[in-house]
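**Q** First the structure, which I've put down as structure tokens, then a few questions once you've had a look.
The values are calculated or read from the model by the stated rules, or taken from the named source; none is laboratory data. From a predicted model like this one, the values you see are computed outputs, not experimental measurements. Every residue, glycine among them, receives a Cβ derived from its backbone with ideal geometry; neighbour counts consider all protein chains shown.
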Amino acid sequence: MTTNDQKKISNGMSVCTGRSTGSCLPDTKDQQMTLAEEIPDGTEVSVSGTVEWVREKEKITAVCLRKNQVRYAGTILKESKLVVCIRPDQLKEQLNIGDKVIAEGEKESFDAARNPGNFDQKEYYRKQGIHVKVRADTLEKQSEKSLLYDRIKNEMWKWRKKLSGQLQTKMGSYYGGTMSAILLGEKSGLDEEMRKLYQKNGMGHLLAISGLHMSLIGMGLYSFLRKAGTSFFTAGMAGSSFLLLYTGMTGNGIASQRAWIMFAMRMGAEITGREYDALTGLAAAAVWICLRQPLYLTDAGFLLSFGAILGIILIEPVYAGEKAEKEKKEREKKPVFLKGLSASFAVNTVLMGPVLWFYYEIPVYSVILNLVVIPLLPVAMGAGLLGLGILRFSERAGGGCLNLCKAILWIYDRIGELAARLPVSRWVTGKPPLYLLVIYYGLILWICIWFYRLKERRTEKEQRKTKSRERWMGVPGILLVCLSVLLPGSCWLMHQVQGQVTVTVLDVGQGDGICIRMPGGKNCLIDGGSSDVSSVGAYRIEPYLLYCGIRNIDYAFVSHGDEDHISGIRELLEDQRLGIGIRTLVLPAEEYWDEKLKELAVLAAENGTRIAEIHAGEQVVDGTGEQKMSLRCIGPEMGLSESGNAASMVLQAEYGNFSMLLTGDVEGAGEKQLVKSGRLGKCRILKAAHHGSKNSGTEEFLDAVEPQIVLISAGRGNRYGHPHEETLERLKSRNCQVYSTQQCGAVTIQSDGKKLFFSRKCGGGGSD
């Protein structure tokens, strides 16, 4: 087996580094940031800077500082922006935007995605110009003097917190948190289950300050002032100014910036008596945002916000069958439902690519759902703003308005729950390859060009001479509908057609989580848990499965009842309606069940998952003939005197020349029993038992298995010292290639039964 990015370290373990370095020239901003990043993690540093923003959560307060000086080991480095994380109980004073502060603590790096499909924290902050963070022990104010801009920004931040608190007090934490997100962009109080319900049904845009929210507020205020008799100039300036303040108060997101620029240009056109061109306004907003940060071109929020407006401008006329300028008036007379339907189809056509690229699934009924929920949004926002406005004058009147908001949010919840129960409410497609998206948008562009050329050619003279030309006007819309189905369909097929075995050892921190995709199409999960990563199912396992186009797990094997092997599977079982379904939960023989396994079995039964036991000698088979793959249980034997790690379920996967041993946490007496049983055969690939502990992988055991490749799942900087130096030395002496999730992130091995190909999330790959 060959690799291209490995290096030998002192203990002999072969690992991938997955890290790139660049040159450092002291004169540039980027190199100064690179210098700060090169400070080793865990280094004690002192940071002084100015507060840019503060985000308060239950367990942590994140403070962004700008114009920083970083001091360590007698060296002073400059860093434009960084984030200081501190526990709320360690903050002695209330922080304000613009405060000069000094913090002391350990430097940490942001995490890149450790598994395919996972959230990339490093890239997220990179787009904001933030490259490092400090885990602070202390944070103190040096000065409260600030610029006028900071004081205005601070007052808006305080108003946002105050209004959010009022909403949650009057409406309750559940509905108040939802309304805070809709009106103020404050998402800290959102109920996680509710958030997921909205996202999975294509209603998630309601919970973010989008162009829709901005347009409703801006145009609402403008229309009100015009009807009240104010001039174009006064109404336009008042609407633009209010919207600018609102944008600042709600977080100054990409969609908000886009909406404000387009609104301001529209008002400028109204005031000067010129015709407003939406496409020009959209282009101006894109140029302004990308000049400030070019990386936003790859941001989900940017693509979704601009794509939605582009769809309405360019694609909606295609679906509406708009043929000539004089026929626009006839179109205006169409029912609102039909106009909304064509707009919804247009938006979904354009956004299909980003949705699949970033979220790996499609909410099938979102087009219809949004026709119901969007018309109610102006009512909810208007009642919310009015309620907050009159609350200080009349508790009763203000409370009545907010109760109307609660009623609308209740309707949203019921609609979402009903949609989630419908058959095929979600189509999990997996992530599409880039070339497929290029083809998709290339065809959309060609269809649009064809449509608009047909529209231009259709003069009154041509209409009289050629009647067939009118029929062609509806064809582009039909083609766009077909494309909108073909893209996710093609993506889904690409992920479903295997013809090979794919094994991925996920980076779940200190724990185990192994996904096996069999050549016949069955999907298996071997353990899934962590002792140092919270919500490992939601944030590490589920995103990877969606990335691969997996909606259901056919068999979820649990080796034993330790938390670092079952916590993620428990999460999946609790959320099968909106998450990943588990058809069969496979447990060891019942005599080895501890309380945790018993509780897991009860949970599975409550959520409609079949429960099965597997004993030594039994197997799961997928495929037939040359495509046949077996996953055979070889331990523990019945009547083993020990329990716990020693009684871990041990599985052996075989497919042609591919063979892999999956050992759970088996060690000690369990390993000896396996050797004596006679079922333990030679396996080319070994998943090291118990995260590479000292008592696993004995000489006798390795003699029986003779592995060439060893995969170790262990958390970075874990307190157990896994993998142990003695275990690594034993593997080194046998010339085993060792890959650890600590260094490599997720490790994937694919095989057609003859050759192997492996890849790592943090580094390249190789074949054999």
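**Q** Just to be sure I understand, how many residues within segment 337-358 are in contact with a Lys or Arg (Cβ under 9 Å, 6 or more places away or on another chain) and either closer than 16 Å to F119 by Cα or assigned to a loop (DSSP other than H, G, I, E, B) (or both)?
**A** Adding up the residues that qualify gives 3.
**Q** For segment 739-767: of the residues being at positive phi and assigned to a loop (DSSP other than H, G, I, E, B), which is farthest from the chain's Cα centre (by Cα)?
**A** Once the filter is applied, the top-ranked residue is G753.
**Q** How many residues does segment 392-402 hold that are touching a residue at least 60 places away in the same chain (Cβ under 8 Å) and not aliphatic (A, V, I, L, M)? Before the answer, list the steps.
**A** Step one: filter segment 392-402 for residues touching a residue at least 60 places away in the same chain (Cβ under 8 Å), giving 398-399, 402.
When the remaining residues are screened for being not aliphatic (A, V, I, L, M), the result is 398-399.
Residues that pass the stated criteria total 2.
**Q** Take the residues of segment 597-627 that are touching a Cys at 6+ places or on another chain (Cβ under 6 Å) and surrounded by 16 or more Cβ atoms within 10 Å (Cβ to Cβ): which is farthest from R577 (Cα to Cα)?
**A** Residue satisfying both the conditions and the ranking: A616.
**Q** Is it the case that Y319 is in contact (Cβ under 8 Å) with a residue 40 or more places away in the chain, over 33 Å from the mean Cα position of the chain (by Cα) and surrounded by 18 or more Cβ atoms within 10 Å (Cβ to Cβ)?
**A** So Y319 fails the test.
**Q** Identify, from the list D137, D89, the residue that is of a type outside the set (F, W, Y), assigned to a helix (DSSP H, G or I) and either under 30 Å from R160 (Cα atoms) or modelled with pLDDT of 90 or more (or both).
**A** The conditions single out D89.
**Q** Turning to a different aspect of this structure: Among all residue pairs at least 6 apart or on different chains, which show Cβ distances below 6 Å where the first residue, located in segment 50-66, is assigned by TED's automatic domain parsing to the domain that holds D89 and touching a residue at least 24 places away in the same chain (Cβ under 8 Å) and the second is among the small types (G, A, S) and assigned to a strand (DSSP E or B)?
**A** Pairs found: R55/A62; L65/G49.
**Q** Quick check: anything in segment 208-218 more than 30 Å from E361 (Cα to Cα) and either out of contact with any Asp or Glu (no Cβ under 6 Å at 6 or more places or on another chain) or surrounded by fewer than 21 Cβ atoms within 10 Å (Cβ to Cβ) (or both)?
**A** Yes, segment 208-218 contains at least one residue that is more than 30 Å from E361 (Cα to Cα) and either out of contact with any Asp or Glu (no Cβ under 6 Å at 6 or more places or on another chain) or surrounded by fewer than 21 Cβ atoms within 10 Å (Cβ to Cβ) (or both).
**Q** Quick check on this structure: which one of I541, I553 is part of a helix (DSSP H, G or I) and either among the β-branched types (V, I, T) or without any contact (Cβ under 8 Å) to a residue 40 or more places away in the chain (or both)?
**A** From the options I541, I553, the qualifying one is I541.
**Q** Here is a list of conditions, (1) modelled with pLDDT of 95 or more; (2) touching a Gly at 6+ places or on another chain (Cβ under 9 Å); (3) closer than 20 Å to V586 by Cα, and M518 meets all of them except one; can you say which number that is?
**A** (1)
**Q** Please state which one of G442, G416, G384, G474 is modelled with pLDDT of 90 or more, over 30 Å from I550 (Cβ atoms) and in a helix (DSSP H, G or I).
**A** Selected residue: G384, the only one of G442, G416, G384, G474 that is modelled with pLDDT of 90 or more, over 30 Å from I550 (Cβ atoms) and in a helix (DSSP H, G or I).
**Q** Of these, V505, V558, V497, which one is buried (at least 19 other Cβ atoms within 10 Å of the Cβ) and over 22 Å from the mean Cα position of the chain (by Cα)?
**A** The unique qualifying residue is V558.
**Q** Related question: Just the residues that are under 26 Å from the mean Cα position of the chain (by Cα) and either touching a residue at least 40 places away in the same chain (Cβ under 8 Å) or surrounded by fewer than 21 Cβ atoms within 10 Å (Cβ to Cβ) (or both), please, taken from segment 258-290.
**A** Scanning segment 258-290 gives R258, A259, A286, I289, C290.
**Q** A follow-up question, please. Pick out the one residue from G129, G117, G98 that is of a type in the set (G, A, S) and either part of a strand (DSSP E or B) or out of contact with any helix residue (DSSP H, G or I) (no Cβ under 8 Å at 6 or more places or on another chain) (or both).
**A** Going through G129, G117, G98 in turn, the sole match is G129.
**Q** Continuing with the same structure: Output the residues belonging to segment 610-627 that are touching a residue at least 40 places away in the same chain (Cβ under 8 Å) and in a loop (DSSP other than H, G, I, E, B).
**A** Correct list: I614, A616, G617, G623, T624.
**Q** Another question, then. Taking segment 442-458, which residues are touching a helix residue (DSSP H, G or I) at 6+ places or on another chain (Cβ under 9 Å) and of a type in the set (K, R)?
**A** K455, R457, R458
**Q** One residue is enough: does segment 96-118 have a residue meeting the conditions free of Cβ contacts under 8 Å to residues at least 40 places away in the same chain and closer than 30 Å to V747 by Cα?
**A** Yes.
**Q** Touching a helix residue (DSSP H, G or I) at 6+ places or on another chain (Cβ under 8 Å), farther than 30 Å from E316 by Cβ, at pLDDT 90 or above and part of a loop (DSSP other than H, G, I, E, B): which single residue out of D507, D527 fits that description? Step through it out loud before you land on a result.
**A** Numbers: D527 fails: part of a loop (DSSP other than H, G, I, E, B).
Selected residue: D507, the only one of D507, D527 that is touching a helix residue (DSSP H, G or I) at 6+ places or on another chain (Cβ under 8 Å), farther than 30 Å from E316 by Cβ, at pLDDT 90 or above and part of a loop (DSSP other than H, G, I, E, B).
**Q** Six or more apart or on different chains, Cβ under 9 Å: which pairs go from a residue in segment 145-158 that's β-branched (V, I, T) to one that's not in a loop (DSSP other than H, G, I, E, B)? Could you list them?
**A** These pairs meet every condition: I152/L245; I152/G248.
**Q** Within segment 263-285, is there a residue that is assigned to a helix (DSSP H, G or I) and under 26 Å from R55 (Cα atoms)?
**A** Taking every residue of segment 263-285 in turn, none turns out to be assigned to a helix (DSSP H, G or I) and under 26 Å from R55 (Cα atoms).
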